[in-house]
Ligand code: NAD
């Protein structure tokens, strides 16, 4: 589903979406709106993160939930997991205080519990493992990624970074004939939970890492603790590099930013990086290899299901993340070559075939 889908009224958004269900609840005490989008339960219980932020309009929040839920459907299918795609968005008013926020999370947990198992949540932008503990007070057993003190497997972001790192190596092997990262220039957009962890892995392999983030405190921490370089947040699009790694928010690959890019490939964690499906073609025309986001950023989802449902060990899970992203991406690149299609279309084709066959 594109960000530019017609006029964004609730009516057109509902009509344009091919998902199964959208639950919208107004939280009267805070003025927040909870949106749970269940895109597909074809492969199993729908799972997805909880995004909590302030939106300019309710329609933007609904569109975000729809696009993110669809991405989760593809992500689980591409990763070979028997789970469906869903996402929760909690659109909050600016300046919500901590106590009110916790009460809101408990009411959100109660809503998930009330749904009785069509959707299970984890963390996403704006929520943490501690928030999952709070949500689980009322939402258990439909909550992933609680802290280890509360019996969960914690923040999955390092596993997501492990997968993105594997995606970068796989892409370098394809472009340069070697997956060695020494001297490779990587620009990371967003030094948050995933970006920060990713930069540590890249630096340890000798890559030249530069980050751009709108939060000056986070950038300074990355500079002093990791020893990476920094640039203005908006300069990341113009920076000459081998790999551009978007690890902030979605829709950042669009008709305005793609002409500015001076990288050989885009490989990052952010969900829904392409603003519209036409942007995959724009990247191809510029000879920039795009590693489809839902293949590259599946590490966190694999980690939570592997650790909390399938009983995999930590080491085994991380190995599966590395190998899964490498093999998934290799398959997508080969399919795109074979059929002369964009890598984005190839990844969707792989995922849709698995969904149609009922196999994650
Ligand atoms: P986060 O909130 O911890 O970090 C995001 C960072 O991006 C923050 O430091 C923020 O300041 C920065 N940022 C925001 N707007 C920016 C801009 N315009 N330019 C530069 N920086 C900007 O989030 P995260 O958990 O690290 O996730 C990052 C992205 O990866 C999100 O799109 C998320 O949906 C996706 N993702 C995360 C996981 C995970 O395990 N955390 C898994 C899959 C996908």
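Please state which one of 229, 178, 197 is under 19 Å from the mean Cα position of the chain (by Cα) and in the same structural domain as residue 323 (by TED's automatic domain parsing).
Values: 229 fails: under 19 Å from the mean Cα position of the chain (by Cα); 178 fails: under 19 Å from the mean Cα position of the chain (by Cα).
Going through 229, 178, 197 in turn, the sole match is 197.
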When you scan the range 118-134, do you find a residue that is near the ligand (Cβ under 10 Å from one of its atoms), within 22 Å of the chain's Cα centre (by Cα), buried (at least 18 other Cβ atoms within 10 Å of the Cβ) and closer than 20 Å to residue 292 by Cβ, even just one?
yes
Counted residues, the range 56-66 - those being within 14 Å of residue 250 (Cα to Cα) and either more than 11 Å from the ligand (Cβ to nearest atom) or in contact with a helix residue (DSSP H, G or I) (Cβ under 8 Å, 6 or more places away or on another chain) (or both):
5
Unmet requirement for residue 251, which otherwise passes all of (1) farther than 13 Å from residue 189 by Cβ; (2) not in a helix (DSSP H, G or I)
(1)
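Before we move on, is residue 203 closer than 26 Å to residue 330 by Cβ and either within 11 Å of the ligand (Cβ to nearest atom) or touching a strand residue (DSSP E or B) at 6+ places or on another chain (Cβ under 8 Å) (or both)?
yes
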Kindly establish whether residue 344 is surrounded by 22 or more Cβ atoms within 10 Å (Cβ to Cβ) and away from the ligand (no atom under 16 Å from the Cβ).
yes
Just checking, does the range 297-318 include any residue being surrounded by fewer than 24 Cβ atoms within 10 Å (Cβ to Cβ) and within 20 Å of residue 181 (Cβ to Cβ)?
yes
Answer with yes or no whether residue 26 is more than 16 Å from the ligand (Cβ to nearest atom), in contact (Cβ under 8 Å) with a residue 40 or more places away in the chain, surrounded by fewer than 23 Cβ atoms within 10 Å (Cβ to Cβ) and not assigned by TED's automatic domain parsing to the domain that holds residue 308.
no
If residue 146 meets every condition in (1) without any contact (Cβ under 8 Å) to a residue 24 or more places away in the chain; (2) within 14 Å of the ligand (Cβ to nearest atom) apart from one, which number is that one?
(2)
Which pairs have Cβ atoms under 6 Å, sit 6 or more apart or on different chains, and link a residue in the range 102-126 that is free of Cβ contacts under 8 Å to residues at least 60 places away in the same chain to one that is surrounded by 19 or more Cβ atoms within 10 Å (Cβ to Cβ)?
102/134; 105/131; 105/134; 105/135; 109/135; 109/139; 113/139
Taking the condition of being crowded, with 24+ Cβ neighbours inside 10 Å, in contact (Cβ under 8 Å) with a residue 40 or more places away in the chain and in a loop (DSSP other than H, G, I, E, B), how many residues in the range 187-216 meet it?
2
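The values are calculated or read from the model by the stated rules, or taken from the named source; none is laboratory data. Note that the structure is predicted; figures quoted are calculated from it, not measured. All Cβ positions, even for glycine, are placed from backbone atoms using ideal geometry, and neighbour counts span all protein chains on display.
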